[in-house]
Amino acid sequence: MRQQVYALHAHRPGFKVVPRSTSYVEDMSSALYCLAPTGGGHGKRQVLVARFGCIPVPITDYVMQPFEPELPWAEFSVPVAEADVPRLHTILADIPPQRLQAMQAALQCASRHLWWSSMWGGIFGEDGRYDAFATLMELLAARRRHPGAEPQDLMALDPEWAKFARCELGDDTELAAAALALGQQGNEAPVTSGAGGLCTYGFDDNLRKFAPTPFCDASKSGQYGIPGGAVCDGAPNIAQCPRPWQ
């Protein structure tokens, strides 16, 4: 598939399709649309490009994307069928500016759901409240609330999941008030670990100018840095694991 895209579009004005790039981060950060074909398996570029603000263009017939269909991928990506690769340039050119802006706005939230920030560190100083681990926990909870429901119907059936999926939980003040309310009801208050963004385990110094996120200090924070995700492995109640934003 990559070879076909290269053969058909490598020399097309406005496209950059190259066998190898020495400016990968710059490319992702400056392009409007980024190709996300299958690779070594299902592929991971849809996650990488989304985190840098580039609209993913998945070309993956019969392959679901991460958390699809519970997350509405059509709102923040441009899926292209393999048979339509020759028309890729017209498909992208026909997208009106209003839809592009809407997809970019939706991607700001959706990209956070795709990255395992609380396990492997953040990129843009995020705290992990919407990361892939939290998304998995919320999705399992929604499925438990609606057993037997079709996955694509959860957004309409479950207001809690819809609010989380659109990153509308509110700020830390709202979360703190909710925790206080739990305590006033006689329930055990959630364990807290302090507010602040996650550190990163990235090894590319070139990322610093795009994502000035501090590197994790393994000597102080242990293998996984700030609590979350993998730190909860083996916990009696994984749903009560301390989260970085609490």
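We did not get these values from a lab; they are worked out from the coordinates using the rules stated. Not measured: the values here are computed from a predicted model. We place every Cβ from the backbone using ideal geometry, glycine too, and count neighbours over all the protein chains shown.
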Rh_Kirkwood(region 2-114) over Cα pairs, Å, one decimal, evaluates to 14.3 Å
Summing +1 per Lys or Arg and -1 per Asp or Glu among the other residues with Cβ less than 14 Å from THR60's Cβ gives -1
Over the Cα atoms of region 30-88 the radius of gyration and the largest Cα-Cα distance (Dmax), both in Å, equal 10.8, 30
Expected sort for 136-142, 120-126 on mean C-beta neighbours within 10 Å, highest first, is 120-126, 136-142
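Place the peptides 47-54, 104-111 in order of packing, highest mean first, counting for every residue the other Cβ atoms within 10 Å and averaging per peptide.
47-54, 104-111
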Expected unfolding gain across LEU157-ALA83 under the 0.36 nm per residue rule, minus the alpha-carbon gap, is 23.2 nm
Expected sort for 158-166, 127-135 on mean C-beta neighbours within 10 Å, highest first, is 127-135, 158-166
1/(1 + (r/R0)^6) with r = Cβ-Cβ of LEU136 and ARG2, R0 = 25 Å, i.e. FRET efficiency to nearest 0.05, evaluates to 0.25
Interchain or sequence-distant (5+) residues whose placed amide H lies within less than 5 Å of the amide H of ARG166 are none
Here the alpha-carbon Rg of region 15-55 over 2.2 N^0.38 Å rounds to 1.10
